Amino acid sequence: GQNIDQPTEMTATEGAIVQINCTYQTSGFNGLFWYQQHAGEAPTFLSYNVLDGLEEKGRFSSFLSRSKGYSYLLLKELQMKDSASYLCAVSDGANNLFFGTGTRLTVIP
Amino acid sequence: ETGVTQTPRHLVMGMTNKKSLKCEQHLGHNAMYWYKQSAKKPLELMFVYSLEERVENNSVPSRFSPECPNSSHLFLHLHTLQPEDSALYLCASSQVEATNTGELFFGEGSRLTVL
């Protein structure tokens, strides 16, 4: 079966840094995605990792360790608009993309 | 605007009704997906169509019936639903290359309430 775990909720302060972790156990692996979903809106793509290491894109970075089945999304210089759910998803290499429950991040002033 | 359009945005139906959800993508992608999003649950993959052929069913109840007439359009036909089927139904598309699903582009979703 597929198992993707991430914390349910997190709170962080505006201007700070927050790290959202994701662990996974899947039958196959062909990449890990992070999506952002604001309340009442569609999920939107943030990052993709298929090789070990850190991918940086502006204020957002994503890290992958395939041997540990682990990834994290790092958000720097938090802004109020970053309050959203962050979804970790794993591609199993067979046209399937499996999602975790999502982490609801609340940014406070 | 993600290039994936879903209609209707909201739907209320009784358990004996028959209705359909529609999805259209304007991105030239070769794969389309239906996901179900319920509160406090992961996004559940329901159906995948790649090159207009269904490649994954995931044991979805037969009261949900997908249709993909071409690479740009995807339907989800609903009949004799149950109250627990109330959820947000998300359509997505991607450009699949080999075994890589590629980045998914989601529609805004259709919020379904079954009375």
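When a footprinting reagent is the concern and you count Cβ atoms within 10 Å, what order do B:Met13, B:Met46 take, fewest first?
Ordered by Cβ neighbours within 10 Å, fewest first: B:Met13, B:Met46.
Averaged across B:36-46, how many Cβ atoms of other chains sit within 10 Å of each residue's Cβ atom?
Mean partner shielding for this stretch: 4.
What is the antiparallel percent of DSSP beta bridges lying wholly in chain B, to the nearest 5?
Antiparallel bridges: around 90 percent, rounded to the nearest 5.
With θ taken as phi - 60° and the coefficients 6.51, -1.76 and 1.60, list the Karplus ³J(HN,Hα) couplings across the stretch A:19-33 in order, rounded to whole Hz; mark glycine and proline as x.
Values, residue by residue: 10, 10, 9, 9, 10, 9, 9, 9, 5, x, 9, 9, x, 10, 10 Hz.
Multiply the residue gap between B:Glu53 and B:Lys40 by 0.36 nm, knock off their C-alpha separation, and tell me the result in nm, one decimal place.
1.6 nm
Remind me, relative contact order of the stretch A:12-59 in percent, using alpha carbon pairs under 8 angstrom and six or more residues apart?
Relative contact order comes out at 26 percent.
Ordered by residue, what ³J(HN,Hα) values in Hz, to whole numbers, does the stretch A:101-109 give under the Karplus form 6.51 cos²θ - 1.76 cosθ + 1.60, where θ = phi - 60° and Gly and Pro are x?
These are the phi-based 3J(HN,Hα) values: 6, x, 10, 8, 9, 10, 9, 10, x Hz.
Using a Debye calculation, one point per C-alpha and no hydration shell, please list log10 I(q)/I(0) for the stretch A:12-53 at q = 0.13, 0.20, 0.30, 0.32 Å⁻¹ in order.
-0.43, -0.90, -1.14, -1.16
Averaged over A:42-50, how many beta carbons belonging to a partner chain fall within 10 Å of each residue's beta carbon?
5
Report, in listed order, any pair from A:Lys76/B:Lys22; A:Lys76/B:Lys40; B:Lys19/B:Lys40; A:Lys76/B:Lys41; A:Lys68/B:Lys22; A:Lys57/B:Lys22 with a Cα-Cα distance greater than 31 Å.
A:Lys76/B:Lys22; A:Lys68/B:Lys22; A:Lys57/B:Lys22, as the Cα separations exceed 31 Å there.
Provide B:His10, B:His73 in ascending order of the number of other Cβ atoms located within 10 Å of each residue's Cβ, fewest first.
Neighbour counts put them in this order, fewest first: B:His10, B:His73.
In debye to the nearest 20, how big a dipole does chain B give about its Cα centre with +1 on each Lys and Arg Cβ and -1 on each Asp and Glu Cβ?
540 debye
Order of B:Val48, B:Val55, B:Val4 from fewest to most other C-beta atoms within 10 Å?
B:Val55, B:Val4, B:Val48
Values quoted throughout were computed directly from the atomic coordinates according to the rules given, and no laboratory measurement underlies them. The structure displayed is predicted, hence computed values, not measured ones. Reconstructed Cβ throughout: ideal geometry from the backbone, glycine too, with neighbour counts over all protein chains shown.
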